[in-house]
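Contents: one structure, followed by commentary.
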Amino acid sequence: MTLFLRVFLALVVLSCVACGGSTGSTETAPAPAAVVTNPVDAATAGSLKGSIKLEGTPPPSQTINRRSDPYCEQQGEAKTQNFVVSDGGLQNVFVYVKDGLGDLKFPVPTTPLVLDQKGCTYAPRVFGIQVGQPLEILNSDETLHNIHALPANNREFNRGQALKGLKSTHVFTTAEVMVPFKCDVHNWMNAWVGVLNHPFYAVSGPAGAFDIQNLPPGTYTIEAWHEKLGTQTQMVTIGPKETKELSFTFKL
Amino acid sequence: MLLHLYAVLVALSTAVLIFAGGLVTSTGSGLSVPDWPTTYGWFMFTFPLDKMVGGIRFEHTHRLIASAVGFLILVLAVWLRLAEPRRWVRQLGYIALGAVITQGILGGITVLWYLPDPISIAHASLAQLVFCLTISIALTTSPGWKRAYSGRGPAPDDRVLQAIATATTGLIYLQIIVGATMRHTDAGLAIPDFPFAFGHLLPPTWDAKIAVHYAHRVGALVVTLFAIATTGHVFFHHRTRPELWRPSALLILLIALQITLGALTVLSHKHYIVNSLHVVTGASVLATSLVLTLRARRSRFEKFAGSSKQDPAYGLPMDVRRAGPLGPADPIGSARGRA
């Protein structure tokens, strides 16, 4: 029995130490030092505009069963949003400069970007953020949510927000496209964030339109990401003060 | 007798806990409560009922049942300490208590570390050991065990049965670990059809998930063959021993049910109720095989207990036991008095 007790006590001590470490690991990472210089010359900067098209008929949206939380059910009927299509344009596609910026460093916004939990859905569903930029996670619902990020390169975190109005802030430390979010309380809640070292990204809106402004002249690899359809890339060269049109077509 | 009934209650509550744990995994609710041992900052037992929504219903209920089972096992260990004359049975109580506490800590760690597969698999596997310990205590405190099932003559010392039953129990436990690995690595639908694998006997393509899933199916076949062999041996050689043929028959029935539930789990795309029933039925298969194994080895416990100076209740003739201070039906008292 003495041996058994010793082994058991050792396990308990180890577990306590381990738990302490884990608690600390979910804290917000320190923001990297902001770069003050902006390498974009307004006199020569160009832009990239375009649209995302969808070929084929997407599966019809399904009504989400939200009876597991009476509050969510009271918010009205909710439909799946995997394919939001209007006039052949695909919404919620993250478009960004994947390559071509070299070693340029860009200012990091200090204004927090807000990810809201409202009506038992995430708003926005797809968005971009820069490394070092604060992400404010807000609970606007009168029910509990847990915000669970599942990155591959950044630090995973899972925080509970039991009351309406609660906020927590997180700062990503590494570029990563895309970082999924989910709520384990409400398994229909999903969101994705593209974390980048630069501000050249956009999310396609209604009719699939996107617009990336203030791009330095150069040749870039542009990638478009969709939560179900994966990624597509294209090369584009932008001259001084030039506005290029670019179109991506996803097929079902 | 009261102690035995209580031990049975503890074993049943442990089975309920395993089912509740299965529901947590099957509904993907393991991280719906991000903190531990608190629940969204509340002390676990004061968490408001109206906030039990979505995945929290499964995760928090699992924690509450686990706490209750932990308390029941604590009481069981203390009761055994006070009333049980056999040292090794008392030690089973201590081990069960240590195991259930370790199990709780593992459950907490797996939440705080975001469900790492090894910890989650260890949590699932240790749960089965806790169940086995409570089953063992319930069995060894039963009147039948204490009588050494002597109603139809002395308990048989069949080495073949002992070996094959032990092997079957070990294989079932191994199969449960493979199943836990499959669950926690999200390989439950890696092979989407049943009874074939992508329409073939052997999967045409392989990856880690398909391998784990296929190993679980092959494991089911191996376990079934061993269970049939064990049951066949019992019915051929020990048909007059109800303490052996009853668990043998139950084992076959439970395995048939378990295979059906496994197939339904795949065909229903892991419906959470079916999936959780598959988990708890697996535990029942293990428990039944363990009971059969222990009963098959009962005569060896007799020798083991008879050699212990601190456990005089074992191996004593019934007439000596009847001399206990509380009268004829007091084997424990008689043992203590003698000690």
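The values are calculated or read from the model by the stated rules, or taken from the named source; none is laboratory data. All figures in this text were calculated on a predicted structure; none of them were measured in a lab. Please note: Cβ atoms are built from the backbone with ideal geometry, for glycine as well, and neighbour counts cover all protein chains shown. Please note that ligands, DNA and RNA were not included when accessible areas were found on the heavy atoms of the full protein model with its side chains. Shrake-Rupley method; radii C 1.70, N 1.55, O 1.52, S 1.80 Å.
At-a-glance table
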item	result
Angle between chain B longest axis and helix B:56-83 axis [Cα atoms, degrees, rounded to 10]	10
Accessible surface ranking that places the most exposed of A:W188, B:W245 first, with a 1.4 angstrom probe	B:W245, A:W188
Computed label-point distance, nm, for sites A:S140 and A:N153 using a 7 Å Cα→Cβ extension	3.1
Estimated FRET transfer efficiency when R0 is 30 angstrom, pair A:Q74-B:D186 (beta carbons, to 0.05)	0.40
10 °C / 1.306 mPa s Stokes-Einstein diffusion coefficient of region A:81-154, Kirkwood radius on C-alpha pairs, µm²/s	104
Local electrostatic count, A:K53, Cβ distance below 12 Å [Lys/Arg +1, Asp/Glu -1]	-1
Unit Cα scatterers, Debye sum, the protein assembly as shown: log10 I(q)/I(0) for q = 0.06, 0.07 Å⁻¹	-0.44, -0.57
Amide hydrogen neighbours beyond the local backbone of A:V84, cut-off 5 Å, H modeled	A:Q91
Degrees between helix B:2-26 axis and first principal axis of chain B (Cα, 0 to 90, nearest 10)	10
Under 14 Å, Cβ to Cβ, from A:H198 - net charge with Lys/Arg +1 and Asp/Glu -1	-2
Peptide-level mean, for B:101-113, of C-beta atoms on other protein chains within 10 Å	4
Coordinate range along principal axes, alpha carbons of region B:131-227, Å, largest first	55, 25, 18
Karplus-derived 3J(HN,Hα), 6.51/-1.76/1.60, for each residue of region A:164-175, Hz, glycine and proline x	5, x, 5, 10, 9, 10, 9, 10, 7, 10, 9, 5
Residues of type lysines that A:K241 reaches as a straight line, Cα spacing below 22 Å, ignoring anything fewer than 8 places off in the same chain	A:K49, A:K98, A:K105
Shielding score for A:132-144, defined as the mean number of other chain Cβ atoms within 10 Å	1
Area of B:T27 that stays accessible when all protein chains are in place (1.4 Å probe, Å², to 10)	30
Mean separation of Cα contacts under 8 Å, 6 or more apart, over the residue count of region A:121-252: relative contact order %	22
Largest to smallest accessible area among B:Y149, B:Y214 [probe 1.4 Å]	B:Y214, B:Y149
Rg/Rh ratio calculated on Cα atoms of region A:65-219 (Kirkwood radius)	0.99
Hits among lysines - C-alpha to C-alpha of A:K251 under 16 Å, sequence gap 8 or more where chains match	A:K53, A:K228
5 angstrom amide H check on A:T243, placed H, neighbours 5+ away	A:S47
Accessible surface, chain B, averaged per residue in Å² (probe 1.4 Å)	44
Degrees, to the nearest 10: B:159-184 long Cα axis against longest axis of chain B	30
Per-pair calculated FRET efficiency, R0 = 35 Å: B:F196 and A:T233 via Cβ, rounded to 0.05	0.35
FRET efficiency, A:E176 to B:T205 (Cβ-Cβ, R0 35 Å, nearest 0.05)	0.75
Ranking by accessible area, most exposed first, for B:K146, B:K209, A:K98 with a 1.4 Å probe	A:K98, B:K209, B:K146
Long-range HN-HN contacts of A:I137 with modeled amide H, under 5 Å	A:L115, A:S168, A:T169, A:H170
Residues of type aspartates and glutamates that A:K164 reaches as a straight line, Cα spacing below 20 Å, ignoring anything fewer than 8 places off in the same chain	A:D69, A:E73, A:D116, A:E136, A:D141, A:E142, A:D184, B:D35, B:D50
Accessible surface of B:F47 - all protein chains present, 1.4 Å probe, nearest 10 Å²	10
